[in-house]
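A short worksheet on the structure shown next.
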Amino acid sequence: MKFTDEFREPEVIARTAEEIRRLADPSRHYRLMEVCGGHTHAIYRFGLKDLLPENIELVHGPGCPVCVLPMGRIDDGLSIAADTGVIFAAFGDMMRVPGTHGSPLEHKARGADVRIVYSPADALKLARANPDRHVMFFAIGFETTAPSTALTLMRAKAEGIRNFSVFCNHVTIIPAIRAILDSPDMRIDAFIGPGHVSTVIGCRPYEWIARNEGKPIVVSGFEPVDVLQSIVMILQQMKQGEAKVENQYKRVVPWEGNKAALRAMAEVFELRPYFEWRGMGFISQSALRLRESYATFDAERRFNVPGIRVTDPKAAQCGEVLKGVLKPAQCKLFGKECTPEQPVGALMVSSEGSCAAYFNYEHRKSMVFTNIGVAV
């Protein structure tokens, strides 16, 4: 398959891994953060960590939009679902994420009308098909998914649909990276930049990281060769004493981004003054809300949203994992009280969550080897 098979070619992977070993200075320790949860899953799924020298440490970043959403926002959205006249529509990723009083699926079991949709357009279709009900779409995601929400709202406005609204939880990646770099307990040498977000915003927004912070950043694809090539590019920069933005994912990511998508976002959304992130606190201008011209579609204005603020269970260490301070398996609850079947935190259930990636690939692998008596 074009753009897939050639990036999984074993010989190319082996050569690239050898190039990494050649470039890595054995006298130093490298800490590289993969910002996107999709990269974390690729790293574990394909066993890429095992191909790297021991002095290259991959640190998992906050690039999972489901994971960074605080529990209070989930509770706020579900408070709207308690209205019998409302259909709560959300992506499947959200369905098992726990709020204070249970996940959306658990609320569905108690009688709430909760439905999985695959796009905002599906939620709008529900509104057309149910004119006597109100459909509230629980919008979530970085700049990757925000354009589809914006275009759906533009369509709803053009058609004059009145029984549709959006509970907006779209977040932006740059302020999160800035918060990580400002954290006193975090040391990062370079970044593997998010591929999906960059298809929309391009590469230019990362230039301050190289210019002001002196950190290389390489926007990467998600296949094994993509990730390994990105590490090669980072090591080449560091060896030459450079810090710049590079685009490994040129086959998908334009340097200036997707201008049509950016225009749609600019019409519908504006920046919130601040927004709470799970484990990272309030980050200024790190999320989007609907503009006044789309106020009639804003669920937070149409409904009495309580604005709940709650902390994660004390034993859960989601915040430390999201910031890269801890590895998933270092959390006290990992694989014990917190599993994909019985999650305590969102990182264990999201398709981009680092805990889910570690559990499904690394943790299960060690369990299999242990059971057959092989040391790991």
Between R133 and Q236, what is the label-to-label distance in nm when each label sits 7 Å out along the Cα-to-Cβ direction?
-> 5.4
Classify region 262-328 as rounded, prolate or oblate, taking a ≥ b ≥ c as the square roots of the eigenvalues of its Cα gyration tensor: rounded when a/c is under 1.5, otherwise prolate if a/b is larger than b/c and oblate if not.
-> oblate
For region 166-245: rounded, prolate or oblate by the Cα gyration tensor [a/c cutoff 1.5] = oblate
Under Stokes-Einstein, with the Kirkwood radius over Cα pairs standing in for Rh, what whole-number D in µm²/s applies to the chain at 20 °C and 1.002 mPa s?
-> 99
How many nm separate the modelled label positions at S183 and L271, each set 7 Å beyond the Cα in the direction of the Cβ?
-> 2.1
Equivalent ellipsoid, region 133-189 (semi-axes from 5 times Cα gyration tensor eigenvalues, Å) | 35, 11, 6
Per the Kirkwood formula over distinct C-alpha pairs, the hydrodynamic radius of region 105-215 in angstrom is 16.7
Take peptides 329-339, 31-41 and line them up by average Cβ neighbours within 10 Å, highest first, as a rough protection proxy.
-> 31-41, 329-339
Whole-percent carbon and sulfur contribution to the accessible surface of the chain (1.4 Å, no ligands, DNA or RNA) stands at 52
Would you mind counting up the charge near C318? Only other residues with Cβ under 12 Å from its Cβ, with Lys and Arg at +1 and Asp and Glu at -1.
-> +2
Projected-area mean, region 1-79, by convex hull of Cα positions, square nanometres | 7.5
What would the Debye formula give as log10 I(q)/I(0) at q = 0.15, 0.30 Å⁻¹ for the alpha-carbon point model of region 213-266, no solvent?
-> -0.51, -1.09
Across the chain: Cys residues that no other cysteine approaches within a C-beta distance under 4.7 Å = C36, C168, C203, C318, C331, C338, C355
Along the dipole axis of the chain (charges at Cβ: +1 for Lys and Arg, -1 for Asp and Glu; origin at the Cα centre), the most positive-end residue among V305, G99, V12 is V305
Once you have the Cα-Cα distance between K259 and M154, take 0.36 nm times their residue separation minus that, and quote the gain in nm to one decimal.
-> 36.1 nm
Under a point spin-label approximation (7 Å from Cα along Cα-to-Cβ), what is the A121-K332 distance to one decimal in nm?
-> 4.8
Might you tell me the accessible area per residue for the chain, computed with a 1.4 Å probe and given in Å²?
-> 44
Using 0.36 nm per residue of separation minus the Cα-Cα distance, give me the extension gain between D50 and E207 in nm, one decimal.
-> 53.5 nm
Give, rounded to the nearest 20 debye, the magnitude of the charge dipole that the chain has about its Cα centre when Lys and Arg contribute +1 at Cβ and Asp and Glu contribute -1 at Cβ.
-> 440
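The values are calculated or read from the model by the stated rules, or taken from the named source; none is laboratory data. Quantities reported herein were computed from a predicted structural model and do not represent experimental measurements. Quick reminder, even Gly has a Cβ in these numbers, built from the backbone with ideal geometry, and neighbours come from all protein chains shown. Only protein heavy atoms, including side chains, enter the accessible area calculation; ligands, DNA and RNA are left aside. Shrake-Rupley method; radii C 1.70, N 1.55, O 1.52, S 1.80 Å.
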